Amino acid sequence: MQNTLARFDREKRMAQAQQALQRADQTASESCGTQVKTTVDWPSITEAQFKSMSIAGYCGEVAEQLDQQCRSTPAFKAKVAELGRVSCRFGDELKLRVEGQQLVFTTQEDAPNQGDFIQQFLRNH
């Protein structure tokens with residue numbers, strides 16, 4: 001019985017993270033007047049990361065920064081219309097780049113000031 005309770009439920013953790021990401025995307029979509037959609041490269045996330053971190057907190061940061069930019073700078077909404085798709089993965093270093101019509105975000109659990117990093121990128125793109 002104890003083993004069953006202690007077993008890691010990856011599917012459940014993924015579903016919880018996806019729900020939280022959908023809420024962040026919805027808020028950004030409303031502020032920006034266009035669809036914001038975050039997808040996650042789930043295989044890039046280890047069991048240890050699922051257990052110790054908020055995956056939605058890390059991967060939802062781009063949507064949150066899009067939301068803030070749209071609320072503070074209405075002209076930014078035109079950029080989001082072109083770049084409303086966000087792909088998130090975990091990797092060795094913090095990176096954000098544009099590929100086609102999507103933002104590709106590689107997050108790193110020890111990287112400081114991820115929100116500032118994303119804001120700077122968005123302002124300069």
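Determine whether Thr27 is part of a loop (DSSP other than H, G, I, E, B) and either crowded, with 21+ Cβ neighbours inside 10 Å or not basic (Lys, Arg) (or both).
The answer is no for Thr27.
The rows are residues; the columns are (1) hydrophobic (A, V, I, L, M, F, W, C); (2) open to solvent by 80 Å² or more (accessible area, probe 1.4 Å); (3) touching a Gly at 6+ places or on another chain (Cβ under 8 Å).
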{"site": "Asp9", "(1), (2), (3)": "no, no, no"}
{"site": "Ala48", "(1), (2), (3)": "yes, no, no"}
{"site": "Arg71", "(1), (2), (3)": "no, yes, no"}
{"site": "Phe90", "(1), (2), (3)": "yes, no, no"}
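In this structure, does Gln18 turn out to be open to solvent by 30 Å² or more (accessible area, probe 1.4 Å) and not in a helix (DSSP H, G or I)? Write out each step before concluding.
Values: open to solvent by 30 Å² or more (accessible area, probe 1.4 Å): yes; not in a helix (DSSP H, G or I): no.
Against the criterion (open to solvent by 30 Å² or more (accessible area, probe 1.4 Å) and not in a helix (DSSP H, G or I)), Gln18 does not qualify.
How many residues are in contact (Cβ under 8 Å) with a residue 12 or more places away in the chain and over 20 Å from Ile55 (Cα atoms) when one looks only at the range 69-98?
Selection size over the range 69-98: 11.
Which residues, taken from the range 47-65, are in contact (Cβ under 8 Å) with a residue 40 or more places away in the chain and not in a helix (DSSP H, G or I)?
Within the range 47-65, Met53, Gly60 meet the criteria.
Within the group Ala28, Ala63, Ala111, which residue is in contact with a strand residue (DSSP E or B) (Cβ under 7 Å, 6 or more places away or on another chain) and closer than 30 Å to Asp9 by Cα?
That would be Ala63, the only listed residue that is in contact with a strand residue (DSSP E or B) (Cβ under 7 Å, 6 or more places away or on another chain) and closer than 30 Å to Asp9 by Cα.
The values are calculated or read from the model by the stated rules, or taken from the named source; none is laboratory data. Being a predicted model, the structure only gives us computed values, none of them experimental. Quick reminder, even Gly has a Cβ in these numbers, built from the backbone with ideal geometry, and neighbours come from all protein chains shown. Heads up: the accessible areas ignore ligands, DNA and RNA and are worked out on the full protein's heavy atoms, side chains in. Shrake-Rupley method; radii C 1.70, N 1.55, O 1.52, S 1.80 Å.
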